[in-house]
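Trainee: I'd like to ask some things about the structure below.
The values are calculated or read from the model by the stated rules, or taken from the named source; none is laboratory data. On a predicted model such as this, the values are computed, not experimentally measured, just so you know. Quick reminder, even Gly has a Cβ in these numbers, built from the backbone with ideal geometry, and neighbours come from all protein chains shown.
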């Protein structure tokens, strides 16, 4: 199943509105409960004052009681048909001596002059009642006053409080929701603007995005996008340059190969045909070498998906094996090739095929371009957090002004030398940088050249 699309606006609206609505509703409920509590307190206080006023109308006299409670006072206590007052005055032991209703007694032990409030029923009507005991001047005789009011007025007061708080609270929630929605839309407007600027771009437009008018939170995202665009632009430019260079460099040897083939087809003598075929073979060999170097250069560029860059590679073993493999060719060229490494092993993370190509190019260049009778030393040692590999020869060296240009593609120190294609050192530089390292050229003493490759023992995360 496809997951529903996540809306940033909806999430912001929910996370901003829901907590506020909950807080507003909790505040309204608290306000309502507080107001209802005080309304009940007012009702209870009214019942208490009424009960004490009625109790004062009954006074002991000799062996009996005198009741001074005229009818007019009773009518005053009954405030109206919507707020009926029920009262009962009785003696314990004894019976009812005054009242308009017989109210049910409360549960519990009576305590003198301590009011007891309770809810009860008068017929089918719920009421709020008060029970108050007064001791008489006789042993074990009590005056019991009960007063009650129906809950209609209190319920009406509660409804009025609810309306008085609920309507403004609802209007405030609506106004707050509208303001939050407008704020979210205004706050996300720069993101929508950035989205439109990216959507309306042509596929070939890799220019960086504008960041000066964006909020701080979007600037980091824009910087990341600009970094991606810059990396993509560099990759596209590199591929275009590679295609242009390859087309330019392949055109000449292929044209030469075609010319030599045509000349060979015109030869009538075996000796002339053999000479022409030798030239065809040499031209084809150079073309194959150029194609192989171009393919290696393409694999060594950043972003190329070849090999397994995360493999462990033992530099010490790799250097020893490559040196041993190159000894026959060095001897055939009249040179002395040796390896100087005291490290039993030197493990790094890298692509073994590319690292092999790196050091093969350095050794091959030394064999190819130094005079006969010279010596070449491949040296490995560690320096801090790096491994250093040096290929040192005692040849003629390279002038200082040409050392930086050696790493340019298709550049050769001796342009008249047709043995190379000018890609070897460019390949070395690309592979070293891909592995987080570097290469520099330095003068050897008393003469010659040192190609020094620095590779980190542990590569930083890409």
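Trainee: Please indicate, with yes or no, whether at least one residue in segment 43-53 is more than 26 Å from residue 157 (Cα to Cα) and surrounded by 10 or more Cβ atoms within 10 Å (Cβ to Cβ). Before the answer, list the steps.
Mentor: Kept after step one, since they are more than 26 Å from residue 157 (Cα to Cα), are these residues of segment 43-53: none.
No: segment 43-53 contains no residue that is more than 26 Å from residue 157 (Cα to Cα) and surrounded by 10 or more Cβ atoms within 10 Å (Cβ to Cβ).
Trainee: Out of everything in segment 192-214 that is in contact (Cβ under 8 Å) with a residue 12 or more places away in the chain and surrounded by fewer than 15 Cβ atoms within 10 Å (Cβ to Cβ), what residue ends up being nearest to residue 27 (Cα to Cα)? I'd like the intermediate steps shown before the answer.
Mentor: Taking segment 192-214 first, the residues in contact (Cβ under 8 Å) with a residue 12 or more places away in the chain are 194, 197-198, 206-211, 213-214.
Subsequent filtering for residues that are surrounded by fewer than 15 Cβ atoms within 10 Å (Cβ to Cβ) retains 197-198, 207-208, 210, 213.
Values: 197: 45, 198: 46, 207: 54, 208: 50, 210: 46, 213: 41 Å.
For segment 192-214, the residue satisfying everything is 213.
Trainee: A follow-up question, please. For segment 368-394, give me each residue that is more than 42 Å from the chain's Cα centre (by Cα), buried (at least 17 other Cβ atoms within 10 Å of the Cβ) and modelled with pLDDT of 90 or more.
Mentor: 374, 376, 377, 378, 379, 380, 390, 391, 392, 393, 394
Trainee: Which of the residues that make up segment 310-356 are part of a loop (DSSP other than H, G, I, E, B) and buried (at least 19 other Cβ atoms within 10 Å of the Cβ)? Break it down stepwise before answering.
Mentor: Going residue by residue through segment 310-356, those that are part of a loop (DSSP other than H, G, I, E, B) are 310, 333-335, 342-346, 351.
Scanning segment 310-356 gives 335, 346, 351.
Trainee: Something else now. What is the number of the single condition among (1) in contact (Cβ under 8 Å) with a residue 60 or more places away in the chain; (2) assigned by TED's automatic domain parsing to the domain that holds residue 31; (3) within 60 Å of the chain's Cα centre (by Cα) that residue 149 does not meet?
Mentor: Answer for residue 149: the failing condition is (3).
Trainee: Hey, another quick one. Hey, could you check segment 115-135 for residues that are closer than 17 Å to residue 88 by Cα and part of a loop (DSSP other than H, G, I, E, B) and say which is farthest from the chain's Cα centre (by Cα)?
Mentor: 123
Trainee: For residue 303, indicate whether it is farther than 15 Å from residue 353 by Cα, at pLDDT 90 or above and either outside any helix (DSSP H, G or I) or in contact with a strand residue (DSSP E or B) (Cβ under 6 Å, 6 or more places away or on another chain) (or both).
Mentor: Details: farther than 15 Å from residue 353 by Cα: yes; at pLDDT 90 or above: no; either outside any helix (DSSP H, G or I) or in contact with a strand residue (DSSP E or B) (Cβ under 6 Å, 6 or more places away or on another chain) (or both): yes.
For residue 303, the condition - farther than 15 Å from residue 353 by Cα, at pLDDT 90 or above and either outside any helix (DSSP H, G or I) or in contact with a strand residue (DSSP E or B) (Cβ under 6 Å, 6 or more places away or on another chain) (or both) - is not met.
Trainee: Conditions: (1) within 15 Å of residue 453 (Cβ to Cβ); (2) out of contact with any helix residue (DSSP H, G or I) (no Cβ under 8 Å at 6 or more places or on another chain); (3) outside any helix (DSSP H, G or I). Residue 387 meets all but one. Number of the miss?
Mentor: Only one criterion in (1) within 15 Å of residue 453 (Cβ to Cβ); (2) out of contact with any helix residue (DSSP H, G or I) (no Cβ under 8 Å at 6 or more places or on another chain); (3) outside any helix (DSSP H, G or I) is unmet by residue 387, namely (2).
Trainee: Oh, and also: Take residue 414 and tell me if it is at pLDDT below 85 and either assigned by TED's automatic domain parsing to the domain that holds residue 344 or exposed (fewer than 13 other Cβ atoms within 10 Å of the Cβ) (or both).
Mentor: On the way: at pLDDT below 85: yes; either assigned by TED's automatic domain parsing to the domain that holds residue 344 or exposed (fewer than 13 other Cβ atoms within 10 Å of the Cβ) (or both): yes.
So residue 414 passes the test.
To keep it simple, each residue is scored yes or no on (1) free of Cβ contacts under 8 Å to residues at least 40 places away in the same chain; (2) outside any loop (DSSP other than H, G, I, E, B); (3) over 30 Å from residue 12 (Cα atoms); (4) in the same structural domain as residue 30 (by TED's automatic domain parsing).
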{"position": "102", "(1), (2), (3), (4)": "yes, no, yes, yes"}
{"position": "145", "(1), (2), (3), (4)": "no, yes, yes, yes"}
{"position": "172", "(1), (2), (3), (4)": "no, yes, no, no"}
{"position": "177", "(1), (2), (3), (4)": "no, yes, no, no"}
{"position": "183", "(1), (2), (3), (4)": "yes, yes, no, no"}
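Trainee: Please give the number of the condition residue 77 fails out of (1) at pLDDT 75 or above; (2) touching a strand residue (DSSP E or B) at 6+ places or on another chain (Cβ under 7 Å); (3) surrounded by 12 or more Cβ atoms within 10 Å (Cβ to Cβ).
Mentor: Result: residue 77 fails condition (1) only.
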